[in-house]
Amino acid sequence: MALPDELHRIFDADRTLRRAESALLQKKSSEELIAMLERETKNALHMEDREEGTLRLERLTDLCAQVPGARMTDALIAILNDGEPRVRVAAGEALRDVGYERYAEVARGIERALEASAEGLAMSELPWVLAEIAEPSALSLIRRFLDQPSSDVIAAAIEALAQLGDVEAVPDLQRFVGDSRVVTIADFEHETKTTLGELAADALEMLGYPPTIES
């Protein structure tokens with residue numbers, strides 16, 4: 001049975017994409033390639049046509065993840081700050097995958113973001129990236145997000161610590177029990193309001209500890 005013309009075009013486009021990507025990435029560490037990906041990432045993040053910007057950022061996420069080095073990690077963190085959820089999902093998954101292979105690059109990139117007092121959506125996503133990779137230094141890095149001024153960032157760090165499952169985080173979580181700051185937790189299509197104290201108490205219970213403040 002002959003394939004429909006539309007399916008032929010899809011297969012041809014996919015083949016063309018793979019060849020073009022392979023040719024582009026032949027010189028993974030070249031300054032020219034790195035500078036180009038940086039430039040195009042910045043351009044896509046600021047495009048007025050958000051549909052086109054989203055399309056480009058999703059592709060750039062995949063390309064940046066395949067090129068080693070600090071500048072590409074920083075580019076992925078910048079993409080993680082985009083307002084489009086599917087772009088953030090792609091960037092978060094890319095950082096996670098890079099972290100499995102080249103953890104030091106991701107860890108140092110997150111340290112740079114913290115030292116620069118970075119703000120934005122990425123700061124609420126990075127604790128989850130660390131928790132999923134779950135390297136030994138993840139706990140110390142996630143702890144630093146607990147000292148951020150944003151309640152949303154702190155909430156993400158609390159939930160990431162619960163996911164990490166390291167009982168050494170118990171004192172860090174106990175300090176937030178009773179914290180009345182309200183945060184909104186997004187769960188797929190639903191949003192729930194809660195407090196940092198309630199989140200900390202839930203995290204402590206997950207770790208098998210009573211949600212009380214140590215004296």
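Each reported figure results from applying straightforward, stated rules to the coordinates on display, with no laboratory input. Everything numeric here is computed off the predicted structure, so don't read it as measured data. Glycine also receives a Cβ, built like all others from the backbone with ideal geometry; neighbour counts cover every protein chain displayed.
Using Cα centres only, tell me the gap between the range 112-134 and the range 52-93 in whole Å.
That distance is 14 Å.
Dipole of the chain, Cα-centred, from +1 at each Lys and Arg C-beta and -1 at each Asp and Glu C-beta, to the nearest 20 debye? Present the calculation step by step, with values, prior to reporting the outcome.
Working: 23 positive and 42 negative charges, 132 e Å.
In debye, rounded to 20, the chain gives about 640.
With the contact rule set at Cα under 8 Å and sequence spacing of 6 or more, what percent relative contact order holds for the range 1-103?
22 percent
Fewest to most neighbouring Cβ within 10 Å: what's the order for Leu76, Leu17, Leu114? Walk me through the intermediate numbers first.
On the way: Leu76 25, Leu17 11, Leu114 16.
Arranged by neighbour count, lowest to highest, Leu76, Leu17, Leu114 become Leu17, Leu114, Leu76.
When Lys and Arg each count +1 and Asp and Glu each count -1, what net charge do the other residues less than 13 Å away from Leu55, Cβ to Cβ, add up to?
Once all neighbours under 13 Å are counted, the net charge is -4.
List, in order, the whole-Hz ³J(HN,Hα) value for each residue of the range 141-150 obtained from phi through the Karplus relation with A = 6.51, B = -1.76, C = 1.60 and θ = phi - 60°; use x for Gly and Pro.
Taking θ as phi minus 60°, the curve returns 6, 4, 3, 5, 6, 5, 9, 6, x, 7 Hz for the range 141-150.
Add -39500 (n - 2.57) for each DSSP H run of 4 or more in the chain, then divide by its residues: what number comes out at 222 nm, to the nearest 500 deg cm²/dmol? Don't skip to the answer; put the middle values down first.
Numbers: 11 runs with 141 residues, N = 215.
My calculation for the chain gives -20500 deg cm²/dmol from helical runs alone.
Could you pull out every residue, at least 5 positions away or on a different chain, whose amide H is within less than 5 Å of the one on Val183? Hs are placed 1.01 Å off N in the peptide plane, and Pro or chain starts have none.
It is Thr194, Thr195, Leu196, by chain and number.
Going by how many other Cβ atoms sit within 10 Å of their own, how do His46, His8 line up, fewest first?
Numbers: His46 8, His8 11.
Going from sparsest to densest Cβ surroundings: His46, His8.
Tell me, what HN-Hα J-couplings in whole Hz come from the Karplus equation 6.51 cos²θ - 1.76 cosθ + 1.60 at θ = phi - 60° for each residue of the range 76-93, using x for Gly and Pro?
These are the phi-based 3J(HN,Hα) values: 5, 5, 5, 5, 4, 8, 5, x, 7, x, 5, 5, 5, 4, 4, 5, x, 5 Hz.
What does the charge count around Asp97 come to, taking other residues whose C-beta lies under 11 Å from its C-beta (Lys +1, Arg +1, Asp -1, Glu -1)?
Once all neighbours under 11 Å are counted, the net charge is -2.
In the range 31-118, with Lys and Arg counted as +1 and Asp and Glu as -1 at Cβ, which of these residues, Ile110, Ala91, Cys64, has the Cα nearest the positive end of the dipole, that is, farthest along it?
Working it through, the farthest residue towards the positive pole turns out to be Ile110.
Relative contact order (percent) for the chain, with alpha-carbon contacts under 8 angstrom and 6 or more residues of separation?
Values: 259 pairs, mean separation 24.9, N = 215.
It rounds to 12 percent for the chain.
Hey, fewest Cβ within 10 Å first, where do Arg96, Arg112 land in order?
Ranked by crowding around the Cβ, least crowded first: Arg112, Arg96.
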